[in-house]
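Notes to accompany the following structure.
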Number of protein chains: 2
Amino acid sequence: MRAHIWRSAHRASLVTRPNNNVRFLATDSRNRLSKFWAPTGGISAQDGEQDDSHNLLLKGGFLRQAHSGVFHLLPLGLRVQNKLECLIDKHMSSIGASKVSLSHISTEELWKQTGRYSSNSELLRINDRRESGFLLAPTHEEEITALVASMVHSYKDLPLRLYQTGRKYRAEKRPRQGLLRAKEFMMKDLYTFDSSHDAALKTYAEVRQAYTNLFDELKLPYLVADADSGNMGGKLSHEYHFVSPKGEDNVWSCSSCSYVANEELVEKPVFETNLDEIDVPGEPLPPLVFTGISMDRETAIHIVIARPPDLRDSTISWDRISSFVNLHAVKRMYPDLDTGIEAATLQKLLPSTNQHKILCSPSFPELEKTTSGVLDAIKEAYTRSEHRQKASYDTEMDWRKRVKEADVSITRSGDACPRCETGKLDVQKAIEVGHTFHLGTRYSDPLSALVAVPHSTQKEAIHMGCHGIGVSRLIGSIASLLYDSAGLNWPRAVAPFEAIVVTSPQVAEEDSVGIYDQLKGIDAVLDDREGKNLGWKLRDADLIGYPVIVVLGKAWKEGKAEVQCRRLGVKKVVERGDIRQEVERLLKQL
Amino acid sequence: MRAHIWRSAHRASLVTRPNNNVRFLATDSRNRLSKFWAPTGGISAQDGEQDDSHNLLLKGGFLRQAHSGVFHLLPLGLRVQNKLECLIDKHMSSIGASKVSLSHISTEELWKQTGRYSSNSELLRINDRRESGFLLAPTHEEEITALVASMVHSYKDLPLRLYQTGRKYRAEKRPRQGLLRAKEFMMKDLYTFDSSHDAALKTYAEVRQAYTNLFDELKLPYLVADADSGNMGGKLSHEYHFVSPKGEDNVWSCSSCSYVANEELVEKPVFETNLDEIDVPGEPLPPLVFTGISMDRETAIHIVIARPPDLRDSTISWDRISSFVNLHAVKRMYPDLDTGIEAATLQKLLPSTNQHKILCSPSFPELEKTTSGVLDAIKEAYTRSEHRQKASYDTEMDWRKRVKEADVSITRSGDACPRCETGKLDVQKAIEVGHTFHLGTRYSDPLSALVAVPHSTQKEAIHMGCHGIGVSRLIGSIASLLYDSAGLNWPRAVAPFEAIVVTSPQVAEEDSVGIYDQLKGIDAVLDDREGKNLGWKLRDADLIGYPVIVVLGKAWKEGKAEVQCRRLGVKKVVERGDIRQEVERLLKQL
């Protein structure tokens, strides 16, 4: 008898299958927990904000919320996570990456060396009573670069690819959407080390291929978007997204060609003068001006854009700027702009600035022609602000010297595609589940990760990349993509079990176990729990979302089973001898 | 070609074996790291305090120290840890325990409910900028009890056994001995839940059997000691120890019977009056008095013991009390004694005490006969202390009312065994690597983990147990038990690989891979790295400590290999066709 058997509390035996490559078995005890998923009833009250798929994860006994943004994984959830980890291991191994396990504890000192300490408000700090300077790592560029710097000294030691799958920590101010935005979460992070820029680019391409292979195995549609690498420091970067209404990212894609980009990088047809198309009633509308501040609080940055024709408000609060201005485009011109500041704080700080910069969006009518209009608007905005005492800019030339030009208008659905003639851009909400970054020497420079190179006496900084996959987030987003009114649905690659054999109480134990054993090699589980009827067990199996269900019910008297697959809409009665073949046929499609 | 192949940087192919139940492969990149173990040379300088086995773990590329008491696991170390985790999974599964993964983040609030918050100075607290009340869990009784309380409501849901293998955190003031005493470390923690005291005791026995089976698989001698359960709250408890000079625990065992106990619980033959046996020159020696203080700083506690005959000092500093007094025995009489206080602090606090308690050890000559001597000593100690102003105890009766009696003498090697007639006790330094606790309702009471029980309308608290295994500590202690001058040595069950095939550069690749493939089913690795001679590879294999080494060297021309096992002292030349059999024969003994 070789089986995972789910039994009632009165049948304590548990038989496991040796040589099964899944190490974590749902056991007898897990079974007992499962009996309380539905009956307890109080689960949906635990977190009112969550949507259906997160509730199904709670009801199905995959996880429980411990504290806000902090989760416990129960046996089924841990199985899904381990399946994902195995899938990741397989594809990381395909590019020769070695698995390590870095400490979750890092130090302020190390983060100060790379300049990411003060700017990072998402760090969780650790206090023993001596103010140790320890923190919980939200990512491991600093630690792994320091580690490699201590061990690798020659180009001959490269390339090197190290990865881990472990917990990360982030001081998430507003944890939400279950596993999608948590304080503690699982990530796969791969770091690559090459001796030249070209080698690093080749590595980057290999990693992208491994990511494609990995995401393809999930058999779920995903988008790969050109991406801004934000404060990671590099320039080449791609994001892997699932399209989902739960997403918090905007991904733009062309209706005609293959262009896909995220909000930060979406390109605009240059100098498109939208105002020309607007039917201006009477005199032209005055431009809209937002005044922000630099990180060092020294400089006021005025952003001048064309006023949307239907907007009559004379000013718009800074807090609403992202509805009118593509801040990523502004950041490319003025990287030191503090985009995260709140309007109230900003108003307090602006009077103390002592420099001014001006950014005019080309979607605003041609600068030359409207200079006076622009300047009037800026001056007006400037005068409204409370730092008049420093106003020493009297002539038009003084102002114009400070003006830069860039298209900072926000992309809208229906805008023309920047890559093809005919396509229109459309935006979709998406969940980012993976990311590849070319880092260059952003970390190896400050942390002195240097190697000897051929034909030079000088050591050179290692060329790095970092490549993440959000493991917790994948679990939450896959659940959200495939659930229906009956319950969850898992792709074969990450299902807690690939198939379940569900038996009516009338079926003899040797028959149940016999059919289970027939599925050897498939990661299956047997539910012959006592005291539960077939309907209850089937509802339970639907809730959990096993890819394939084998039902030993009424037809079993004639030696027939029903093989079900909700995702493919299959319910098929098959002869005893054909069960395995049918299960395999279905699994291949999932 | 199905092989883990270690290659030089110029041969990038990596071939892995599918269906191998070890998920984590040492890869090409791992190999490159390995080349720098010895050459870097700076490793032993990293931590001057460490002993040889810890240095070998560093040199061998198993781990690196990230910060004081905080380690990164490199690929080989991670493999050892994963092997241990698999071994644990196997034995936890044998008692029907289900694997979960609890958050590392817990809350002060929960710990306050069980009364473990204020007393626990080893908690690491987490600060986002809002003083969140989060902490890093050093253990999970609180979290798991709260979790089970929310899900389990009837005795029918029990027994329940949940475990995890994960990181724990401790504000270790003085991290030392590498993995043996770290701030961040891996633990297996199992929690058991039963509906009655009797059922909990049966569970306890099952867990102990699983522990025995698990430790037996390591094929290393270990001791199981009766243990005090300290602040865990229960009464039935056992510790699993490796005897080692690196140990910080004292384990007492009888030379004759099977009695084994730890320092806290070692029993003493009652009222043995050691002083009678002492040849007292002239008048009896005055007793030795230590004065301590209660946790609430209200009470001075005077501990009176017989003066060792060779001791002439009139007073001994409080800091040295544990050399003279069994503090665990004192704590049983006065649980509120602060044993951790330093002498300097104590001297400042004693003058403010307003009560006195006195404990006389029966190993001191009979109390009745020597009352006046005892009292003189106490009074003298008391007068010397700086709180004379509160001395209102004038009559002998006043003093005697405050006297309790208990044997608080420390056990010494050669003391009689408390269990048998003839045995003598001997003490050994030991490393605690496992622990079983019967908790009773210590946590279920304060956290209201209650279940409906038969024949009662009142719900009752769940009877719990908690059972730990120190995974990081096992790695460190196994390394320390088996290393020799050539390197480490791993038991088969936890070795990073069970065997390695090491080849001379003259051996053809198809031969190397052929022999490797012959070992299919054994977790083996192949070292045919280019640019390294056979001697270098063999020294490397010895350093890492693979249980069995298969050498394809000079004799390979005649189709013969040498099979080596340093631990068993075997070096045997075998025919090509017999290699597998010989490797298996050796592995069975390791």
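Only lysines eight or more places from residue A:459 in sequence, or on another chain, were considered; those with a Cα closer than 19 Å are A:156. For residue B:487, neighbours were defined as the other residues whose beta-carbon sits under 14 Å from its Cβ, and their charges (Lys and Arg +1, Asp and Glu -1) total +1. Amide H contacts of residue A:405 (H built 1.01 Å from N, in plane; Pro and chain starts excluded): A:360 sit under 5 Å, all sequence-distant by 5 or more or on other chains. Count Lys and Arg as plus one, Asp and Glu as minus one, and take only other residues whose Cβ is under 11 Å from that of residue B:260; the net charge is then -2. Residue B:355 label point (Cα plus 7 Å toward Cβ) to equivalent points in the other copies: 7.0 nm, shortest first. Shape class for region B:541-590: oblate, because the ratio a/c of the largest to smallest gyration tensor axis (alpha-carbon atoms, square roots of eigenvalues) is 1.5 or more and b/c is at least a/b.
A simple rule links phi to the HN-Hα coupling: the Karplus curve 6.51 cos²θ - 1.76 cosθ + 1.60 with θ = phi - 60°, which for region A:578-583 gives 9, 4, 4, 4, 5, 4 Hz, with x for Gly and Pro.
The charge dipole of region A:444-590, taken about the Cα centre with unit charges on the Cβ atoms of Lys, Arg (+1) and Asp, Glu (-1), comes to about 380 debye, rounded to the nearest 20. The 3J(HN,Hα) values that the Karplus relation (6.51, -1.76, 1.60; θ = phi - 60°) gives for region B:448-459 are, in residue order, 6, 8, 10, 10, 5, 10, x, 6, 7, 8, 7, 6 Hz. Gly and Pro appear as x. Post the alpha-carbon centroid distance, region B:471-549 to region A:131-172, in whole angstrom. Between the Cα centres of region B:471-549 and region A:131-172 lies a distance of 27 Å. Ranking B:253, A:68 from most to least accessible surface, computed with a 1.4 Å probe over the protein chains only, gives A:68, B:253. Here are some pairs, A:83/A:219; A:59/A:557; B:537/B:571; B:219/B:246; B:99/B:188; A:99/A:168; which of them have Cα atoms lying more than 22 Å apart in this structure? Check vs 22 Å cut-off fails for A:59/A:557. Mean projected area of the convex hull spanned by the Cα atoms of region A:143-259, taken over all viewing directions: 9.6 nm². Exposure check, 1.4 Å probe, all protein chains in place: residue A:299 carries approximately 10 Å² of accessible surface.
Using a 7 Å projection from Cα along Cα-to-Cβ, the label point at residue B:156 is separated from the same position in the remaining copies by 7.1 nm, smallest value first. Identify the GluC sites (Glu not before Pro) of region B:521-590 meeting these criteria: DSSP loop state and at most 15 other C-beta atoms within 10 Å of the C-beta. Qualifying residues, ordered by number: B:530. Each copy carries a label point for residue A:585 at 7 Å from Cα toward Cβ; from one copy, the others' points are 5.2 nm away, ordered from shortest. With the largest listed first and rounded to whole Å, the semi-axes of the equivalent ellipsoid of region A:452-590 from the Cα gyration tensor are 44, 17, 13.
The values are calculated or read from the model by the stated rules, or taken from the named source; none is laboratory data. Small disclaimer: the values here were computed from a predicted structure and weren't measured. In this analysis, Cβ positions are derived from the backbone assuming ideal geometry, glycine residues included, and neighbour counts consider all displayed protein chains. These accessible areas exclude ligands, DNA and RNA; they are computed on the full protein's heavy atoms, side chains included. Shrake-Rupley method; radii C 1.70, N 1.55, O 1.52, S 1.80 Å.
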